[in-house]
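The values are calculated or read from the model by the stated rules, or taken from the named source; none is laboratory data. Here the structure is a predicted model, which is why all the values come from computation and not from measurement. Using ideal geometry, Cβ is built from the backbone for each residue, glycine included, and neighbour counts are taken over all protein chains shown. In case anyone asks, the SASA skips ligands and DNA or RNA and just uses the protein heavy atoms, side chains included. Shrake-Rupley method; radii C 1.70, N 1.55, O 1.52, S 1.80 Å.
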Amino acid sequence: MPATAYSVRFARELDVDQLAILMTGENPTSGRDGAELLSASGELIRTDIRCSSCGKFGARVVRTAKSRASKAVLRQAHFRFVDPNGGDAHHPFCEFHGDDENRSAQASLLDFGSEKSTETRAVRLLVCKGIEQKLFDKRRIQELRQWFFDLKSASRFTLTTSPEAISWTRALHRHPRYQRWTFHPAQAEMPAFNWKAAAKYQFTEDHQHLFDLIKGIPIDDGICRQAGELLRKHYECQVFDPTVLQRYYDGAVSLAAFVAANGGIDFGKVRPEYYRMKGPPVALLALCALVLFVSDWDMNAAIAAFSRLLLAPAPTDLTLGNVIGLNPFHEYAAWRLLILSAQVAAKSLDGLDYDRQLVATEAALRERHRRWKEQQS
Ligand SMILES: [Zn+2]
């Protein structure tokens, strides 16, 4: 459920309150919020407001929900996109497609209006500077989204990865593959020979082709959980192929690390050299994608644009870019894991059960040892 959407009439992305101010000329108050000010403008909104991601029309304003007891905001005002039959109007590839009302409206949105963290503040300042310096504008931000969406839509396949394939890939990733040792039956004559360790070493030798596939790709429990959720939602459906984003993702991560290391700005706790494994701060990643996009994905042109940004005077207006919107690489790591797991599974001829394979490997080593001993006697 997007908290912001694109107004064709005002040529920018807006949240509900901002749209109310522009359409009615009135400022929302605690008594009459933006959604209420807009209550008579339903037809105009339906034909003017497009989903920022997939571009579909059919928007309705959903009001803020507050707890009766504490008055705390349970759900902020947002847009819901409904087709003429009352169904979900989003394109099936849109990240908002199939969302229920309970999902956080901000899951994939970067709200630079709230001062949540160091990197959000730092990037918000840069977004405002960038707009003021005319390095990019709201139209370009919208074009970036459309470009990403079209790129994703053009590459489709049917998702058939099994949940076991994800667990198997996770287990391979955890396996201590850098410890190499070649088994010989004579070794097992040692009084306290460690069969479990020998089975792990043998497993490493037997699965080199799989370790080569997953080398250098970050996988952790969070990514696996997210991949499992995507699988439940999209199994046997047409989905986009995230490998088309790889070049752009790698570029944006590299730029983020360079900017964080050389920009003289504090972007948060994670050190830039860990961005490739842990992922950069999402706000910074989104800004880097935007700067690369307006620089035609040329790294040095993007770095030059960043230098201009960082050296520019403080922006006079801090509301110019209070919402940059989507992180174009939303759930990228999880999608990549889904594809990777399918490739790993296709090349795993002995099944996808890690524990069972270790047991079988140990049994095979013991059998080799037994036969070797027979020959010795
Ligand atoms: Zn959409």
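When only Cα pairs under 8 Å and 6 or more residues apart are kept, what is the percent relative contact order across the range 148-213? Intermediate values should be presented prior to the final figure.
Numbers: 22 pairs, mean separation 23.5, N = 66.
Across the range 148-213, relative contact order equals 36 percent.
What is the percent carbon and sulfur in the accessible area of the range 148-229, measuring with a 1.4 Å probe over the protein chains and ignoring ligands?
Values: 2350 of 4370 Å².
Result for the range 148-229: 54 percent of the exposed heavy-atom area is carbon or sulfur.
How much accessible area per residue does the range 188-267 have, counting only protein heavy atoms and a probe of 1.4 Å, in square angstrom? Intermediate values should be presented prior to the final figure.
Numbers: 4110 Å² over 80 residues.
Value for the range 188-267: 51 Å² per residue.
How big is the range 4-107 in terms of Cα radius of gyration and Dmax, in angstroms?
Over the range 4-107's Cα set, Rg and Dmax evaluate to 13.6, 39 Å.
Estimate the FRET efficiency between Asp221 and Gln179 by the formula 1/(1 + (r/R0)^6), using the beta-carbon distance for r and 30 Å for R0, to the nearest 0.05. Mind dumping the intermediate values first?
Numbers: r = 23 Å, r/R0 = 0.75.
FRET efficiency, Asp221 to Gln179: 0.85.
Could you give the size of the charge dipole of the range 4-107 about its Cα centre, using +1 on the Cβ of each K and R and -1 on the Cβ of each D and E, expressed in debye and rounded to the nearest 20? Walk me through the intermediate numbers first.
Values: 14 positive and 14 negative charges, 48 e Å.
Rounded to the nearest 20 debye, it is 220 debye.
As an exercise, use a Förster radius of 56 Å and the Cβ-Cβ distance of Arg60 and Arg370 to find the FRET efficiency, rounded to the nearest 0.05. Let's see the in-between values first.
Working: r = 72 Å, r/R0 = 1.29.
That gives a FRET efficiency of 0.20.
State the percentage of accessible surface on the range 4-107 attributable to carbon and sulfur atoms; use a 1.4 Å probe and exclude ligands, DNA and RNA. Don't jump to the answer; show the numbers that get you there.
Working: 2640 of 5520 Å².
Roughly 48 percent, rounded to a whole number.
When a/c reaches 1.5 or more, the comparison of a/b and b/c decides; with that in mind, is the range 180-230 rounded, prolate or oblate per its Cα gyration tensor? Could you put the intermediate results ahead of the total?
On the way: a/c = 4.52, a/b = 2.48, b/c = 1.82.
In terms of gyration-tensor shape, prolate.
Take peptides 228-237, 6-15, 258-267, 327-336 and line them up by average Cβ neighbours within 10 Å, highest first, as a rough protection proxy. Write out the running numbers ahead of the final one.
Values: 228-237: 14.7, 6-15: 18.8, 258-267: 17.0, 327-336: 20.7.
Per-residue mean Cβ counts within 10 Å order the peptides as 327-336, 6-15, 258-267, 228-237.
Assuming 1.567 mPa s and 4 °C, estimate D for the chain with Stokes-Einstein, Rh taken as the Kirkwood radius over Cα pairs, in µm²/s.
On the way: Rh = 23.8 Å.
Here the translational diffusion coefficient equals 55 µm²/s.
Taking the Cα centre of the chain as the origin, how large is its charge dipole in debye, to the nearest 20, when only Lys and Arg (+1) and Asp and Glu (-1) carry charge on their Cβ atoms? Show your work: numbers first, answer last.
Numbers: 49 positive and 44 negative charges, 103 e Å.
Charge dipole of the chain: 500 debye, to the nearest 20.
Mind ordering 23-34, 244-255, 151-162 by average Cβ neighbours within 10 Å, highest first? Don't skip to the answer; put the middle values down first.
Working: 23-34: 13.2, 244-255: 18.1, 151-162: 14.8.
So the order, starting with the most tightly packed, is 244-255, 151-162, 23-34.
For the range 222-354, compute the orientation-averaged projected area of the C-alpha convex hull (one quarter of its surface), in nm².
Details: hull surface 42.9 nm².
Across all orientations, the range 222-354 yields a mean hull projection of 10.7 nm².
Taking a threshold of 31 Å on the Cα-Cα distance, which of the pairs Lys56/Lys347; Lys215/Lys373; Lys66/Lys269; Lys66/Lys152; Lys215/Lys269 fall above it?
From Lys56/Lys347; Lys215/Lys373; Lys66/Lys269; Lys66/Lys152; Lys215/Lys269, over 31 Å: Lys56/Lys347; Lys215/Lys373; Lys66/Lys269; Lys66/Lys152.
Angle between the Cα long axis of helix 221-234 and the longest principal axis of the chain, 0 to 90 degrees, nearest 10?
70 degrees
Tell me the per residue accessible area of the range 4-107 using a 1.4 Å probe; a whole number in Å² is fine.
Heavy-atom accessible area per residue stands at 53 Å².
Assuming 0.36 nm per residue, please report the length gained on full extension of the stretch Val8 to Asp137 beyond their Cα-Cα distance.
45.0 nm
Give me the extension gain from Asp296 to Arg271: residue separation times 0.36 nm, minus the current Cα-Cα distance, reported in nm with one decimal.
Gain on extension, Asp296 to Arg271, equals 6.3 nm.
Set Lys and Arg Cβ to +1 and Asp and Glu Cβ to -1, take the dipole of the chain about its Cα centre, and tell me which of Leu292, Leu151, Tyr332 lies farthest positive.
Farthest towards the positive pole: Tyr332.
Quote to one decimal, in nm, the extra length available between Ser70 and Val282 on full extension: 0.36 nm per residue of separation minus the C-alpha distance between them. Kindly include the intermediate steps, with their values, before the conclusion.
Values: separation 212, 0.36 × 212 = 76.32 nm, distance 3.13 nm.
Stretched out fully, the Ser70 to Val282 stretch lengthens by 73.2 nm.
In the Gaussian network model of the chain, springs joining C-alpha atoms below 10 Å, which of Val344, Val270, Val123 carries the largest mean-square fluctuation?
Most flexible of the set in this elastic network: Val270.
Below 8 Å between Cα atoms, with a sequence gap of 6+, how large is the relative contact order for the chain in percent? Don't jump to the answer; show the numbers that get you there.
Values: 529 pairs, mean separation 80.6, N = 377.
Normalised by residue count, the contact order of the chain is 21 percent.
Considering the options Ala77, Tyr274, Ala165, tell which one lies farthest towards the positive end of the dipole of the chain, charges being +1 on Lys and Arg and -1 on Asp and Glu at the Cβ, about the Cα centre.
Tyr274
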